[in-house]
1. Would you mind telling me which numbered condition in (1) of a type in the set (D, E, K, R); (2) surrounded by fewer than 16 Cβ atoms within 10 Å (Cβ to Cβ); (3) on the phi > 0 side of the Ramachandran plot residue 88 fails?
2. Could we say that residue 378 is of a type in the set (Gly, Ala, Ser), at pLDDT 95 or above and farther than 26 Å from residue 215 by Cα here?
3. Given the options 227, 203, 231, name the one that is within 13 Å of the ligand (Cβ to nearest atom) and either of a type in the set (A, V, I, L, M) or under 14 Å from residue 176 (Cα atoms) (or both).
4. Quick check on this structure: which one of 211, 232 is of a type in the set (Gly, Ala, Ser) and without any contact (Cβ under 8 Å) to a residue 24 or more places away in the chain?
5. Would the stretch 29-37 turn up any residue that is among the polar types (S, T, N, Q) and out of contact with any Leu (no Cβ under 9 Å at 6 or more places or on another chain)?
6. Out of everything in the stretch 211-234 that is of a type in the set (A, V, I, L, M, F, W, C) and farther than 13 Å from residue 194 by Cα, what residue ends up being surrounded by the most Cβ atoms within 10 Å (Cβ to Cβ)?
7. Within the stretch 299-318, is there a residue that is of a type in the set (Gly, Ala, Ser), within 16 Å of the ligand (Cβ to nearest atom) and without any contact (Cβ under 8 Å) to a residue 60 or more places away in the chain?
8. Do any strands (runs of 3 or more DSSP E) entirely within the stretch 107-166 hold 3 or more residues that are at negative phi, modelled with pLDDT of 95 or more and crowded, with 21+ Cβ neighbours inside 10 Å, and if so, which?
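The values are calculated or read from the model by the stated rules, or taken from the named source; none is laboratory data. The structure displayed is predicted, hence computed values, not measured ones. Positions of Cβ are backbone-derived with ideal geometry, glycine not excepted, and every protein chain shown enters the neighbour counts.
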Amino acid sequence: MDLTFSPAAEELRAELRAWLADNVPRAFASGDAVEFPSLDEEFAFLQAWQGRLARDRWVGVHWPHAYGGRGAGVEANYIFQEEMARARAPEVINRIGVNLVGPSLMHHGTEEQKQRYLARILSCEDVWCQLFSEPGAGSDLTALRTVAVRDGDVYRVTGQKVWTSWAQYAHYGILIARTDPTASKARGISYMIVDMRSPGIDVRPLRQLTGSSEFNEVFLDDVRVPVANLVGAEGKGWEIAQTTLAHERGTAPRQLVIHRTLLEDLVRLARASADDGSLRQGVAAAAIEVEIAKLNNWRTLTRLVRGEPLGPESSFIKLYWSEMSQRMHDTVMRALGPRAALVGHDAPARGRLADSYLYYRAASIFAGTSEVQRNIIAQRVLGLPR
Ligand SMILES: Cc1cc2nc3c(=O)[nH]c(=O)nc-3n(C[C@H](O)[C@H](O)[C@H](O)COP(=O)(O)OP(=O)(O)OC[C@H]3O[C@@H](n4cnc5c(N)ncnc54)[C@H](O)[C@@H]3O)c2cc1C
């Protein structure tokens, strides 16, 4: 068994590491929480940061040259995410575009759609959101009720979406809607590109546990979407949505590095704490779990490098890292004790650890809840009855 990356991948890692050393803003590299006066300013900063990364062709390293990437393969993308997290670099903000929309359009879009949208996703000139979840359709998306009625060369779309990350800044959204109300559940669904600046779209931010408002409710009232914006054939949207959803899971190198760094924080905190024995157990468990998460990632990466399909095992990666994260964060809170409640300059790491604890409560919900991942593993990996 060879557990090393290829020489080409290691060369890319060295080049990127040097680039990040020169370019990551000092405030981020220090590891303290970076505060912005408002979400608008934070978003503008992150959009400019992605633009800078893209100018030097670091965003979408695994995308084909034709669409603005380096054609460097999945191993390179894994390394990109690892190195970004290692350098504590600000995130690629147009993640939905890069990770979900790009691959979905490359598989199912027309050449015209690819030429029009793909390169601008990498540069973050166009920000994208994912209009899938609805108030009555989250885990079971086939229950969606948003309708798209054909009227000449447009669809007229009416309905409500919810939990739509970054919709308030998005230029475009990928939307699934029912085009055939008579067809059974998954059959009558179509997949289309919506210009978020169209008349009839009302975006209302929702405040999260962290105090931030990254996600939104999106109301669509008779929104006109050109038929040319349909991705794939009418009524075949469910298959395309599966491509999008498969890319939400898979490997999680970014999460792996974030949790490795969290482990370092935890060890530092534990050394400075009065040990009650159980904290020591928690730190040891965290160290073992991060190692297991790494091996899970490598197993899936090996499959991807060989060109094998991801399969239902990707649910295992998602389930494992998200629940590991919550256990680790609980241990971090225990190590911080009452100091976890401090805010501002007096807070440990200026509140980064407490923010992180709150943020990762969502990890067992987004990209499919833990219960849903367990159902997939039970039925499709273990072959248990429904
Ligand atoms: C931070 C964050 C960002 C998000 N961003 C987006 C986005 O950009 N775009 C988007 O479209 N969506 C987004 N979502 C929505 C996310 O995909 C849904 O929250 C998720 O799919 C769960 O759906 P739901 O919230 O409707 O919960 P429900 O499906 O109503 O589930 C409620 C509970 O019932 C359980 N449950 C449901 N079905 C089953 C079952 N068959 N067996 C066992 N238990 C079950 C669930 O596990 C859960 O505990 C985001 C969510 C979060 C938290």
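1. Failed condition: (2).
2. Answer is yes for this residue.
3. Answer to the selection: 203.
4. The conditions single out 211.
5. Yes, the stretch 29-37 contains a residue that is among the polar types (S, T, N, Q) and out of contact with any Leu (no Cβ under 9 Å at 6 or more places or on another chain).
6. It comes out as 215.
7. There is no residue in the stretch 299-318 that is of a type in the set (Gly, Ala, Ser), within 16 Å of the ligand (Cβ to nearest atom) and without any contact (Cβ under 8 Å) to a residue 60 or more places away in the chain.
8. Of the strands (runs of 3 or more DSSP E) lying wholly inside the stretch 107-166, those with at least 3 residues that are at negative phi, modelled with pLDDT of 95 or more and crowded, with 21+ Cβ neighbours inside 10 Å span 128-131, 154-165.
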